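Note sheet for the following structure.
The values are calculated or read from the model by the stated rules, or taken from the named source; none is laboratory data. These figures come from a predicted structure and were not determined experimentally. Glycine also receives a Cβ, built like all others from the backbone with ideal geometry; neighbour counts cover every protein chain displayed.
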Amino acid sequence: MSTGRRLVRVASPLAALGLWQLLTSLDVNLWLRFEQFPTVVEVASALADRVGTEVYWQDLGHSLRRISVGFLLAAVLGVAAGTAVARSRWAADTLGPLVEVVRPIPAIALVPVAILLLPTNEQGIVFITCAAALFPVLVSTRHAVRALNPVWEEAVLTLGGGRARVLFSVVLPGALPGIFGGLSVGIGVSWICVISAEMISGEYGVGYRTWQDYTIVDYPGVFVGMATIGALGWLTSTAVESLGRRVTAWLPRPTAGVPVGGTVRAVRAAVPLAPSVTPSGTSRATSSDASAVLRPEKEPVP
Amino acid sequence: MSTVSPSTVSAESAESAASAGSAGSAPATAGPASAGAELALHGVRLGHPDGVAVPRPVDLRIASGELLTVVGPSGCGKTTLLRTLAGLLPPLEGRVTQDGEPVRRPGADRALVFQHDALLPWRSVRANVELPLAIRRTPRAERRRSAEDWLERVGLGGHAGKLPHQLSGGQRQRVQLARALAGRPRAVLMDEPFGALDAHTRAGMQDLLVEILRGTGATVVFVTHDVDEALHLGDRVALFASGEVLDVPHPRSRDARQAPETAALRRRVLDSL
């Protein structure tokens, strides 16, 4: 990244903080009311106080443990179920309708279910976190597996590979870019739900503490909670993203320095010139994303 | 792009090294190349269950070790023929056999070489070539050695660590050849493997194919829409549309292009299309 871009990235949040400090320290009241709003300095000193206490780190540890267990469970279950639904008609018929019915229910609305089913609050929170991340992972996995180039599977079959070989050498590695899309969305939703669940039924945890601070009208404390959630969410999603980039390093990437928009235009412009593309095929060729990776193999002759 | 580099000429030595290596430790990789499979279609109706079938039933016998080329216009069912021979697609009617035994499912005996992009893009060139050996549970060191040998033979010794998308189209097809042959299949089914290459690269690839097939004993079914390619490579040429199978007078001899028999056959094939 160039120095200029780095500078902008640092300057942008600093400017937001500056504006916040200005509006709150001047007690601005222009329809939006900033008189009661804690200033940046107040929040910062509250944060400094909290960071020195054991409770802060205990809360952090609880939240991180809940999200790690819930998210990892969701990742494993989501990839397994998504692959099964995409690959097996039996799984599609049995799991498919269930998934579609349960998917629109917000994970946080499952609190009563968690309370009825699970012996402890702790397990309930993990359950809700898991339920939140499960569906984004499952749905992206399903799509990624269905979008695989069938030639890869056929190649492995004619080299002597069986079902397990196809699964582990073609389906899972080939679907990884899509799976990581789902994981990135999933980790974000997981944070929303772990914090909400802690607010409703937790003992300890960043969400619980933030809600406690609100009930005792400790507004700087509430903002410390928010900042903590923001930082944790950012850290975990960055971790997921960089792991994703690492395991999909094989994907062809645009050459450094070439603006992405430029390459796309060049590809679009080239399509109508390709002799093999018929007018009816043009729309498919342009709309198919990542056509460089998943170039359609010669159509099987009917 | 250089098509056939001088390093591929040492095919005999690479061949002996490869077979010596595989004969050494693992019984799984059958030391010497086994004889080519005899493939046959008996009254087979080709087609997809929910699609249009090829109108005429096909009867065809491909002898062990033979190189049969199949020509026909695009869309006539040549790919369907190969997929049926491979066992990927069951025939609508009739029987497909290998050495008299019915073909029910795809297997390592019949490797399929696709027109393009059949390499696994997340695996390095070396790992792609090692794939059939990994499937047979060949020990790692031997797998590595065999893959290096095959890459050397197709003139890509220095590219083992690259990813498929970092190679040119012709290079990718050479990797596909290496991958298909590394598993020592008894039959190789090729679906217009050089169809997407320019004429110069294509001629080089044909020579390379002839070079590396020598000594494998594998039966080859080579589908193409290029009549000259079919007449150069094949022992026999099958005209897909009419069902005729014609003997090629001088297979794999570039000098025989102008020979009167070849010219007559070429006219006959062109007329049939």
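Side notes on the structure shown:
- Some residue of the range B:42-55 being touching a residue at least 60 places away in the same chain (Cβ under 8 Å) and within 14 Å of another protein chain (Cβ to nearest Cβ): no
- Where helices (runs of 4 or more DSSP H) fall entirely within the range B:146-255, those with at least 2 residues that are within 14 Å of another protein chain (Cβ to nearest Cβ), modelled with pLDDT of 90 or more and under 22 Å from residue B:36 (Cα atoms) are at B:169-182.
- Every residue from the range B:88-123 that is touching a Pro at 6+ places or on another chain (Cβ under 7 Å), surrounded by fewer than 23 Cβ atoms within 10 Å (Cβ to Cβ), small (Gly, Ala, Ser) and under 18 Å from residue A:162 (Cα atoms): B:108
- So residue B:125, is it more than 11 Å from chain A (Cβ to nearest Cβ), within 25 Å of residue A:174 (Cβ to Cβ) and more than 18 Å from the chain's Cα centre (by Cα): yes
- Filter result (of a type outside the set (D, E, K, R), more than 8 Å from chain A (Cβ to nearest Cβ) and over 12 Å from residue B:224 (Cα atoms)) within the range B:58-80: B:58, B:60, B:62, B:63, B:64, B:65, B:67
- Out of A:41, A:10, sole residue that is farther than 30 Å from residue A:141 by Cβ, at pLDDT below 95 and surrounded by fewer than 12 Cβ atoms within 10 Å (Cβ to Cβ): A:10
- Residue B:108 being touching a helix residue (DSSP H, G or I) at 6+ places or on another chain (Cβ under 8 Å), modelled with pLDDT under 90 and facing another protein chain (nearest Cβ under 7 Å): yes
- Residues satisfying the stated conditions in the range A:144-171, i.e. at the interface with another protein chain (Cβ under 10 Å from one of its Cβ atoms), surrounded by fewer than 20 Cβ atoms within 10 Å (Cβ to Cβ) and more than 21 Å from residue B:187 (Cα to Cα): A:149, A:150, A:165
- Selection of the range A:219-252 for residues being among the aliphatic types (A, V, I, L, M), in a loop (DSSP other than H, G, I, E, B) and either closer than 22 Å to residue A:49 by Cα or free of Cβ contacts under 8 Å to residues at least 24 places away in the same chain (or both) yields only A:249.
- Selection within the range B:247-271 - under 22 Å from residue B:78 (Cα atoms) and surrounded by fewer than 16 Cβ atoms within 10 Å (Cβ to Cβ): B:247, B:267, B:268, B:270, B:271
- Hits in the range B:73-87 - residues which are crowded, with 21+ Cβ neighbours inside 10 Å and more than 16 Å from the chain's Cα centre (by Cα): B:77
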